[in-house]
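Undergrad: Could you have a look at this structure, given as structure tokens, before my questions?
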Amino acid sequence: MNTPKWSLAIHGGAGTITPALMTPEKELRYRNGLQTALEAGERILDAGGTALDAVEAAVQSLEDNPLFNAGRGAVFTHEGTHEMDAAIMRGDTLEAGAVAGVRGVRNPIVLARAIMERSGHVMLAGEGAAQFARTAGIVFEDERYFHDDFRHAQWMEVKDTDSYQLDHTKGDEKKFGTVGAVARDVHGNLAAATSTGGMTNKRWGRIGDSPVIGAGTYANNATCAISCTGHGEYFIRAVVAYDISCLMQYGGMTLEEACQKVVNDKLVNFGGEGGLIAIDAKGNCCMPFNSEGMYRGQATPEGRDIQIYR
């Protein structure tokens, strides 16, 4: 198999995503949103740019789209606000940046990269992260920017209860709202980025797997780049992203074998639902999920492929 010059994959969340729950118009909007994000990353990779720039651009595009639970489309917390998490990692140096529980930041992934490159730390949270963001010149928006009628209706269903909801509508329809991107550039470097608004009606500063390096986000040139989407508590406990890398590095597994073992064996065995996108050092792509669907897309110089259902 020829190694592609570059390779890119993105996701916009997983869960109960079936044709029966989707109108043709809504499906087209999701597909267009995924295509726009792929194009943002493709332009950089095709011009010889870095995997790091590409994953940041792709995720930023998804954060700007209110269809996806990240950035502008972030779900409401118990207090009626928006608390966002994000992480970015480069596979050549293993440098990483992450932010948790930040409010008002237009693009949390941009802040995560600034933390990696300019703070001397890996993860910042809450008001401290916001203070750093202001010193770094990160763009803020007011609450109106993050208001979406659909998200607000979701929150109104549960805001007076003690229950939290995954990013879903009613009953058994579950959606794990996260966005992410992974890439291999023409220089052979890998990178991964993930961003999320978390769970509707979440309380107490709850943080999921997305900003946790090794759980929801990981990149290592020796193995793979991974961005996860799912029930974050399970992905943290399973250390999903790093586990796949370890199975490759120490267990000799291929990307496909390691992904299938973790997503469809390990996670399933203790109730973890969701999926991930992954790219290995040769540019091979794998996008496994154990839910009914996952918004996803991949691209190489030969073309792109966008999928939603199983």
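Undergrad: Take segment 57-93 and flag every residue that is among the β-branched types (Val, Ile, Thr) and within 16 Å of residue 217 (Cβ to Cβ). Full working, then the answer.
TA: If we filter segment 57-93 for residues that are among the β-branched types (Val, Ile, Thr), which is where we start, we get 59, 75, 77, 81, 88, 93.
Across segment 57-93, the qualifying residues are 59, 88, 93.
Undergrad: Identify, please: which residue in segment 194-227 is out of contact with any Gly (no Cβ under 9 Å at 6 or more places or on another chain) and without any contact (Cβ under 8 Å) to a residue 60 or more places away in the chain and is, among those, farthest from residue 54 (Cα to Cα)?
TA: 204
Undergrad: Scan segment 299-310 for residues that are assigned to a strand (DSSP E or B), out of contact with any Leu (no Cβ under 8 Å at 6 or more places or on another chain) and not β-branched (Val, Ile, Thr) and report the count.
TA: Quick first cut of segment 299-310, residues assigned to a strand (DSSP E or B) only: 299-300, 303-309.
Then keep just the ones that are out of contact with any Leu (no Cβ under 8 Å at 6 or more places or on another chain); that gives 303, 305, 307-309.
Filter again for not β-branched (Val, Ile, Thr), leaving 303, 305, 307, 309.
Number satisfying all stated conditions: 4.
Undergrad: Another one. Looking only at segment 90-148, how many residues end up being more than 18 Å from the chain's Cα centre (by Cα), closer than 29 Å to residue 189 by Cβ and polar (S, T, N, Q)?
TA: 3
Undergrad: Then there's this: Out of everything in segment 216-255 that is surrounded by fewer than 18 Cβ atoms within 10 Å (Cβ to Cβ) and hydroxyl-bearing (Ser, Thr, Tyr), what residue ends up being farthest from residue 180 (Cα to Cα)?
TA: This residue is 250.
Undergrad: Quick one: count up the residues across segment 73-112 that are at pLDDT 95 or above and either among the hydrophobic types (A, V, I, L, M, F, W, C) or closer than 21 Å to residue 192 by Cα (or both). Can you show your working first?
TA: Just the residues of segment 73-112 that are at pLDDT 95 or above, to begin with: 84-112.
Filter again for either among the hydrophobic types (A, V, I, L, M, F, W, C) or closer than 21 Å to residue 192 by Cα (or both), leaving 84-102, 105-112.
The qualifying residues number 27.
Undergrad: Same structure again: Taking the residues in segment 256-289 that are among the aliphatic types (A, V, I, L, M) and surrounded by fewer than 24 Cβ atoms within 10 Å (Cβ to Cβ) as candidates, determine which candidate is farthest from residue 239 (Cα to Cα). Don't jump to the end; show me each part of the working.
TA: Our first condition is that a residue be among the aliphatic types (A, V, I, L, M); within segment 256-289, this holds for 258, 262-263, 267-268, 276-279, 281, 287.
Pick out the ones that are also surrounded by fewer than 24 Cβ atoms within 10 Å (Cβ to Cβ) and you get 268, 281, 287.
Working: 268: 14, 281: 21, 287: 17 Å.
Filtering first and then ranking leaves 281.
Undergrad: Helices (runs of 4 or more DSSP H) wholly in segment 183-288 with at least 2 residues that are more than 18 Å from residue 98 (Cβ to Cβ), within 17 Å of the chain's Cα centre (by Cα) and modelled with pLDDT under 95 - which ones? Reasoning before the result, please.
TA: Numbers: elements: 232-237, 240-249, 255-260.
Filter on segment 183-288 gives an empty set.
Undergrad: Given the structure, is residue 252 farther than 17 Å from residue 88 by Cα, free of Cβ contacts under 8 Å to residues at least 12 places away in the same chain and not hydroxyl-bearing (Ser, Thr, Tyr)?
TA: Working: farther than 17 Å from residue 88 by Cα: yes; free of Cβ contacts under 8 Å to residues at least 12 places away in the same chain: yes; not hydroxyl-bearing (Ser, Thr, Tyr): yes.
So residue 252 passes the test.
Per-residue answers, yes or no, for (1) in contact with an Asp or Glu (Cβ under 7 Å, 6 or more places away or on another chain); (2) aliphatic (A, V, I, L, M):
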site	(1), (2)
184	no, no
196	yes, no
200	yes, no
225	no, yes
232	yes, no
260	no, no
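Undergrad: Related question: Identify the single condition in (1) assigned to a helix (DSSP H, G or I); (2) in contact with a helix residue (DSSP H, G or I) (Cβ under 8 Å, 6 or more places away or on another chain); (3) surrounded by 20 or more Cβ atoms within 10 Å (Cβ to Cβ); (4) modelled with pLDDT of 95 or more that residue 151 does not satisfy, given that it satisfies every other one.
TA: (4)
Undergrad: Does residue 296 meet the test of being part of a strand (DSSP E or B) and over 17 Å from the mean Cα position of the chain (by Cα)?
TA: On the way: part of a strand (DSSP E or B): yes; over 17 Å from the mean Cα position of the chain (by Cα): no.
It is false that residue 296 is part of a strand (DSSP E or B) and over 17 Å from the mean Cα position of the chain (by Cα).
The values are calculated or read from the model by the stated rules, or taken from the named source; none is laboratory data. In this text, all values refer to a predicted model and were calculated from it rather than measured experimentally. Reconstructed Cβ throughout: ideal geometry from the backbone, glycine too, with neighbour counts over all protein chains shown.
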